[in-house]
Amino acid sequence: MSSLAKLDQQYVWHPFTQMRDWLQHDPIVIVAGHGTVLRDVNGREYLDANASIWTNLHGHGHPKINAAIRRQLGKIAHSSALGLANEPAAQLAARLIETARANYAPTRSAATDVSPQPQLPLEKVFFSDDGSTALEVALKLAYEFTRRTRGAKTKPRFLSLAGAYHGDTIGAVALGHIDLFHQAFGGMLFKSDQVMAPYCYRCPHNRAQPERADARSHRQCGWECVRQVERRLAAQQKQRGPYAAFVFEPLLQGAAGLIPQPDGWLARVAALARDHGALLIADEVMTGFGRTGLASPLDAAAIAHAIQNPASAKLFATAHAGVTPDFLCVAKGLTGGYLPMAATLTTPAVFDAFLGEYAEFKTFFHGHSFTGNQLGAAASLSSLDLLQSAASVRARAALQQQLHDELPSLWALPAVGDIRQVGLVAGVELVKDWRTRAPFALHERMGIRVCEAMARRGVLTRPVGNVIVLMPPYCTTRAQLRQMLTALHEAIEEITGHPG
């Protein structure tokens, strides 16, 4: 064991890690990275197949982001945003709003020939430090906005999806519904309501038999999941008044198990939430900044248009769904995966509710020491430059298409129950028998064991239960992606003992 590994085991407490298990193994200690490749203290190289826990967009050590941070270091690394402004944070806020305007520009649906109901634009940016704090900001703003617009005696309440994960600060935890993560803190939380998520693969209303295809593609149902949302919204409005907000991850729930939403679901439930008086809080901490792809299906016309107009390529999942939220929460990929930074975008109506005379105490009493940090803002501006370049659009289109073309090879494995791809994200759910969808028990650690077998083959990722995550950086080459999929195929064969 290296000296660094010994130091880690002696002093470091790792997140979401059973430390008793951790202390029994020689950990992988990363010391360098370039592009999609990570190198450990022993000189061994690995492919980063989950973008360093869903954060890294352009690869490690990207020269343009490195240069942007160095330039900012030559000026100043940090100054307070409490009573002071700074150059890169102001520029970043303007750039985020400009990008939101381009993403959420009203478009006419070719299928229905109906323009979406116009919503207030996103015009204001509140910076924070990570995904949890971005949601915490939206939660507090929505809570107080509701009280100020409906009356101080109003008791705002929130609705989110079953299996939701929105972060680990106390407010964000209260919005979530993953018992395994949050049951220990139940006594500290306020109550929020939940409604079923559209988990087609395990939906009790899906009458389709298992097939060797994404469960969304052959589902047989009557949109019962949408009707349940409608009933919940209506009951709340009748009994207590409208929800303050409906909180959701658009197109894809991450920590719930990479659960993708069928086409049209989000637009339907977002319209229902608005009809019943609820604001929309979009958690795009994982899905933002191009992670959900260019278009679905990815056709030549969509690619050509995005390459010719890279600044207009949709970077947010809500924009793909035609939904404009009242709060857009982003983090993870905001800085390209370099530094902890987050932002909550909202509307002029919300902002105006906090304006008043000093003595009225209408101020938003919330903040962080590193809010609007210059280094993070400089990295974010550089990352946006890359995202809105023709070269990045081409790379993302190629990666999305290769995932689409090569993932089906995994259907040959009996332990593969569902393969779900949304843009540049893929989740592979492992089961005991694909014909019955019978899950592996938690104590079998199937997802963890498969990922450990992948690591022995030079590919690093982290499972969500029994779902294996593939979420590579956008710079991943064809050969590297094929290596990731080969490692996954071989690891499943090794651990389950069932060759494809």
* With respect to G163, is the statement that it is over 22 Å from N466 (Cβ atoms) and small (G, A, S) true? -> no
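Among the listed residues K140, K191, identify the single one that is surrounded by fewer than 19 Cβ atoms within 10 Å (Cβ to Cβ), in contact with a His (Cβ under 8 Å, 6 or more places away or on another chain) and not assigned by TED's automatic domain parsing to the domain that holds D405. Reasoning before the result, please.
Working: K191 fails: in contact with a His (Cβ under 8 Å, 6 or more places away or on another chain).
None of the other options fit; the residue is K140.
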* Counted residues, region 71-104 - those being over 23 Å from F289 (Cβ atoms) and of a type in the set (K, R) -> 1
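Quick one: would you say A68 is touching a helix residue (DSSP H, G or I) at 6+ places or on another chain (Cβ under 8 Å) and surrounded by 23 or more Cβ atoms within 10 Å (Cβ to Cβ)? Can you show your working first?
Details: touching a helix residue (DSSP H, G or I) at 6+ places or on another chain (Cβ under 8 Å): yes; surrounded by 23 or more Cβ atoms within 10 Å (Cβ to Cβ): yes.
Criteria met by A68.
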* **Residue within region 447-459 that is buried (at least 18 other Cβ atoms within 10 Å of the Cβ), outside any helix (DSSP H, G or I) and aliphatic (A, V, I, L, M) present** => yes
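Give me a count of the residues in region 216-243 that are of a type in the set (A, V, I, L, M, F, W, C) and modelled with pLDDT under 95. Spell out the reasoning first.
Within region 216-243, the subset of a type in the set (A, V, I, L, M, F, W, C) is 221, 223, 225-226, 229, 233-235.
Adding the requirement that they be modelled with pLDDT under 95 leaves none.
Qualifying residue count, region 216-243: 0.
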* Residues being surrounded by fewer than 20 Cβ atoms within 10 Å (Cβ to Cβ), part of a loop (DSSP other than H, G, I, E, B) and touching a residue at least 40 places away in the same chain (Cβ under 8 Å) - total across region 164-183 -> 1
* Answer yes if at least one residue in region 319-329 is in the same structural domain as Q261 (by TED's automatic domain parsing), assigned to a loop (DSSP other than H, G, I, E, B) and on the phi > 0 side of the Ramachandran plot, and no otherwise. => yes
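Could you go through region 362-372 and let me know if any residue there is in a helix (DSSP H, G or I) and in the same structural domain as F126 (by TED's automatic domain parsing). Write out each step before concluding.
Looking only at region 362-372, we keep the residues that are in a helix (DSSP H, G or I), and these are none.
Scanning region 362-372, I find no residue that is in a helix (DSSP H, G or I) and in the same structural domain as F126 (by TED's automatic domain parsing), so the answer is no.
Within region 271-279, does at least one residue satisfy the condition of being small (G, A, S) and buried (at least 21 other Cβ atoms within 10 Å of the Cβ)?
Going residue by residue through region 271-279, those that are small (G, A, S) are 271, 273, 277-278.
Imposing the further condition that a residue be buried (at least 21 other Cβ atoms within 10 Å of the Cβ) reduces the set to 273, 278.
Yes, that holds for at least one residue.
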* Structure fact -> Over region 294-318, the set of residues more than 18 Å from A105 (Cα to Cα) and either touching a His at 6+ places or on another chain (Cβ under 6 Å) or part of a loop (DSSP other than H, G, I, E, B) (or both) is S296, P297, L298, D299
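The values are calculated or read from the model by the stated rules, or taken from the named source; none is laboratory data. Keep in mind that this is a model prediction, so the values were computed, not measured. Backbone-built Cβ (ideal geometry, glycine too); neighbour counts: all protein chains shown.
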